[in-house]
Amino acid sequence: MKKKPILYGVIVGLVVVIALVGIYVFGPKKETATETGGGVLVVGCDAAFPPFEYLDEETGELLGFDLDLMRAIGAELGMEVVIKNVSWDGIIPGLLSGNYDVIASGMTITDERKEVVNFSDPYINAGLVIVTRAGDDRIKGPEDLVGKRLAVQINSTGDLTATEMMEQGIVFASIKRFNHATDPFLELRNGNADAVIMDLPVAGAQMKANPGQYQIVGEAFTTEEYGLALRKSDTELLAQINQALATLKANGTYDEIYRKYFGE
């Protein structure tokens with residue numbers, strides 16, 4: 001009869017040791033934004049996509065339309081917003097790995113992406129345009145890109161559209177893919193590419209920042225809708241963000257942020 005408490009003590013001790021080892025090896029359980037019901041909302045972006053997200057070279061601050069919008073959403077939800085600057089090429093894997101709760105990075109809603117993430121309601125419309133060097137009149141539309149050197153951002157809708165165009169018979173001389181949205185424009189300006197395919201607001205921002213360097217050919221030839229991306233499991237957080245978006249559009253906050261970056 002005296003062995004029972006000894007055995008019981010041994011079992012309890014083992015449970016405690018196992019628990020401590022688990023914490024040491026795997027770390028404490030990560031609190032998600034949904035579980036905390038407030039607290040911190042971690043946002044991932046690639047801050048090389050002005051005017052949606054970019055790094056202020058003087059202050060080191062992360063700025064842009066998407067980031068101001070996320071900060072406003074955080075304020076509406078009573079949550080602190082923390083921004084992480086990450087590589088575009090790994091931005092969805094980073095979300096799925098739990099490195100952040102939301103992607104706010106000028107991400108177009110596509111059927112392929114919807115297979116792995118959930119999107120918020122669309123928050124802005126943008127279309128793809130062709131950009132050439134100012135004064136270059138060789139290209140007047142997508143059909144004139146045959147035999148031309150193209151520059152795009154890797155894994156962007158511009159990249160995907162260029163691939164589709166190749167499959168449809170518009171064969172380029174080459175496609176150069178870059179990690180950051182600003183890099184294709186540098187390639188174009190330096191004469192190493194004939195055209196860039198890019199989202200209209202981003203192309204407009206580059207033209208504004210580099211007067212006389214670029215021109216947009218014709219009108220947007222696709223329709224793009226941007227959404228905030230979340231993990232499939234975070235349905236409660238998605239509903240909260242959609243409600244906050246609706247509130248910001250209704251109370252005028254969204255319009256104020258829009259005018260700040262795009263004008264009237």
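The values are calculated or read from the model by the stated rules, or taken from the named source; none is laboratory data. Keep in mind that this is a model prediction, so the values were computed, not measured. Neighbour counts are summed over all protein chains in view; Cβ atoms, including those assigned to glycine, are modelled from backbone coordinates with ideal geometry.
Across the stretch 112-124, the number of residues qualifying as polar (S, T, N, Q) and out of contact with any strand residue (DSSP E or B) (no Cβ under 6 Å at 6 or more places or on another chain) comes to 1. Listed by position, the strands (runs of 3 or more DSSP E) enclosed by the stretch 86-180 that each have at least 1 residues that are in contact (Cβ under 8 Å) with a residue 40 or more places away in the chain and polar (S, T, N, Q) are 124-126, 128-133, 149-153. Among the residues of the stretch 172-206, those identified as at pLDDT 95 or above and β-branched (V, I, T) are I175, V196, I197.
Condition check ((1) β-branched (V, I, T); (2) farther than 30 Å from D194 by Cβ; (3) not assigned by TED's automatic domain parsing to the domain that holds I170) across all residues:
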{"position": "A75", "(1), (2), (3)": "no, yes, yes"}
{"position": "M79", "(1), (2), (3)": "no, yes, yes"}
{"position": "P93", "(1), (2), (3)": "no, yes, yes"}
{"position": "I103", "(1), (2), (3)": "yes, yes, yes"}
{"position": "L145", "(1), (2), (3)": "no, no, no"}
{"position": "L150", "(1), (2), (3)": "no, no, no"}
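Residue check: is E164 of a type in the set (D, E), in the same structural domain as N118 (by TED's automatic domain parsing) and surrounded by fewer than 17 Cβ atoms within 10 Å (Cβ to Cβ)? Walk me through how you get there before you give the answer.
On the way: of a type in the set (D, E): yes; in the same structural domain as N118 (by TED's automatic domain parsing): no; surrounded by fewer than 17 Cβ atoms within 10 Å (Cβ to Cβ): yes.
Criteria not met by E164.
Checking each residue in the stretch 130-153 for being among the β-branched types (V, I, T), crowded, with 18+ Cβ neighbours inside 10 Å and more than 19 Å from the chain's Cα centre (by Cα) picks out I130, V131, T132, I139. The set of residues from the stretch 168-200 being surrounded by fewer than 18 Cβ atoms within 10 Å (Cβ to Cβ), under 26 Å from N125 (Cβ atoms) and either over 26 Å from the mean Cα position of the chain (by Cα) or among the charged types (D, E, K, R) (or both) comprises Q168, I170, R177.
Could you check, for the stretch 42-65, whether at least one of its residues is assigned to a helix (DSSP H, G or I) and either closer than 21 Å to E256 by Cβ or not assigned by TED's automatic domain parsing to the domain that holds R231 (or both)?
Yes, because at least one residue in the stretch 42-65 is assigned to a helix (DSSP H, G or I) and either closer than 21 Å to E256 by Cβ or not assigned by TED's automatic domain parsing to the domain that holds R231 (or both).
Listed by position, the strands (runs of 3 or more DSSP E) enclosed by the stretch 192-249 that each have at least 1 residues that are of a type in the set (D, E), closer than 30 Å to K140 by Cβ and touching a residue at least 40 places away in the same chain (Cβ under 8 Å) are 195-199, 224-226. Scoring E80 on the criteria (1) at pLDDT 95 or above; (2) crowded, with 18+ Cβ neighbours inside 10 Å; (3) of a type outside the set (S, T, Y) leaves a single failure, condition (2).
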